[in-house]
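The structure appears right after this line, and notes come after that.
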Amino acid sequence: MQAPSKPAPSDRAVIDQTGFALWVASFRQTLHTTPVGWFVGAWMAWGHTPERNLILWLVVFLAVWMMGLLSIHRALAGQCELAVHGLRMRAMATLDGFAWGLVGWLLAGHDVLLDAILVALLCGVSAVNAQVYVSYIRGYYLQSGVMWLVAVVGLARYANPQYGWDLIVAFSIFQVLMFYHSTRIASRVLEGISLQLANAALAQQLRSLLTKVRTDAATDALTGQGNRRALDELLKQQLEFAASTGQPFSILMLDIDYFKKINDIHGHLVGDEALRTFAQRVRDGLRQGDVCTRYGGEEFLIVLPLTTLDTALEVAERLRRAVAAEPLPTSPPLAVTVSIGAATYEPGQSVEALMAAADAAVYRAKRGGRNQVRS
């Protein structure tokens, strides 16, 4: 079986950034419930520990807690950028571990049963944090590592010698097991993040490809204008809109005059170039919202939404003059003209009837001498 490939450095940075952001969000939720842990520890220690030690522990914890919330707020406001907020957040994880580790210095050593309960509390804190830090395991190493170190030194110094080392050994074994299993779980979590990011990138590529396929399917390859398929869909939409609202729309059918001579004299390559440059000139002369499509051969059809016949004739005349004003920039330059037929949708009219009306208008323009607009 082929081993899975390692993420590229750039991909790894994205994975680390995502894991860091997930951890910051989880850390915020955990801090909101941290006072419950203080209450449990203080309640267990009340009456068994000097009040001065207990108050000092709570004051340290309150300061660390407020600093943690402030740091998280800054990180979230800055979009949790690892390069910007990573050091500060790791420092807060370290301080959080230090505050919990002070249990071994300030609360332990006054009651044998209390010492066991406090070590159990620290094990619970480590287990909870293993879930919180699972997407950013470095933070867990800092938090739980510092907590273990400070607590163990405190227990070794103040706990009952008969039972203190037993608690230290038990706590150390538990912490080693937590580090081992958390590391494996974190690795799988990061692999999951990597897979999700890869799937998201693949989905985006597929969406882009699908959009391109749809665009290509509705675009004439030669001129870049809409093709017959796009025209049929557009006319269907316009017809439904006009039928439901009573708003008019018009179409213009354009036929390049004597186009066959261009192909016969200059060849089809020049003819194709003429079609492309003609389409570009027509498109440049349209209003926003007007749509140009290639109807077939040298014929183009323009859809004019919300346009009356009088306005359609004005647009058509402007296009006719623009085409005839100067030769097309082909090789060689070609002076061409265009005959245009205009038609406006009438209530109850079909698409076929509307296009037949525009086609008939083009035929009249041809018979009338070409290079003119008819309706």
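Does at least one position in segment 153-160 carry a residue that is at pLDDT below 95, among the polar types (S, T, N, Q), surrounded by fewer than 18 Cβ atoms within 10 Å (Cβ to Cβ) and in a helix (DSSP H, G or I)?
For segment 153-160, residues at pLDDT below 95, among the polar types (S, T, N, Q), surrounded by fewer than 18 Cβ atoms within 10 Å (Cβ to Cβ) and in a helix (DSSP H, G or I): absent.
Determine which member of the set 264, 310, 284, 255 is out of contact with any Lys or Arg (no Cβ under 9 Å at 6 or more places or on another chain) and within 21 Å of residue 227 (Cα to Cα).
284
Against the conditions (1) surrounded by fewer than 20 Cβ atoms within 10 Å (Cβ to Cβ); (2) under 20 Å from residue 42 (Cα atoms); (3) of a type in the set (A, V, I, L, M, F, W, C), where does residue 91 fall short? Just the number, please.
The failed condition is (2).
Criterion first (surrounded by fewer than 17 Cβ atoms within 10 Å (Cβ to Cβ) and either over 30 Å from the mean Cα position of the chain (by Cα) or hydrophobic (A, V, I, L, M, F, W, C) (or both)) does residue 116 satisfy it? Working first, answer last.
Details: surrounded by fewer than 17 Cβ atoms within 10 Å (Cβ to Cβ): yes; either over 30 Å from the mean Cα position of the chain (by Cα) or hydrophobic (A, V, I, L, M, F, W, C) (or both): yes.
Yes.
Take segment 139-183 and flag every residue that is closer than 16 Å to residue 126 by Cβ and free of Cβ contacts under 8 Å to residues at least 40 places away in the same chain.
Across segment 139-183, the qualifying residues are 141, 168, 169, 172, 173, 176, 177, 179, 180.
Being out of contact with any strand residue (DSSP E or B) (no Cβ under 8 Å at 6 or more places or on another chain), in the same structural domain as residue 239 (by TED's automatic domain parsing) and either without any contact (Cβ under 8 Å) to a residue 60 or more places away in the chain or farther than 25 Å from residue 266 by Cβ (or both): is that true of residue 356 here?
Yes.
Considering only segment 29-46, I want to know if a residue exists there that is within 20 Å of residue 149 (Cβ to Cβ) and at pLDDT 90 or above.
No, because not a single residue in segment 29-46 is within 20 Å of residue 149 (Cβ to Cβ) and at pLDDT 90 or above.
When you go through (1) assigned to a helix (DSSP H, G or I); (2) over 44 Å from the mean Cα position of the chain (by Cα) one by one for residue 47, which number turns out not to apply?
(1)
Tell me the residue from 233, 326, 240, 298 that is without any contact (Cβ under 8 Å) to a residue 60 or more places away in the chain and buried (at least 19 other Cβ atoms within 10 Å of the Cβ), please.
Criteria check complete, one pass: 298.
Do we find that residue 148 is assigned by TED's automatic domain parsing to the domain that holds residue 186, at negative phi, at pLDDT 95 or above and crowded, with 21+ Cβ neighbours inside 10 Å in this structure?
yes
The values are calculated or read from the model by the stated rules, or taken from the named source; none is laboratory data. Please read these numbers as outputs of a predicted model, since none were measured by experiment. Glycine gets a Cβ as well: all are built from the backbone with ideal geometry, and neighbour counts include every protein chain shown.
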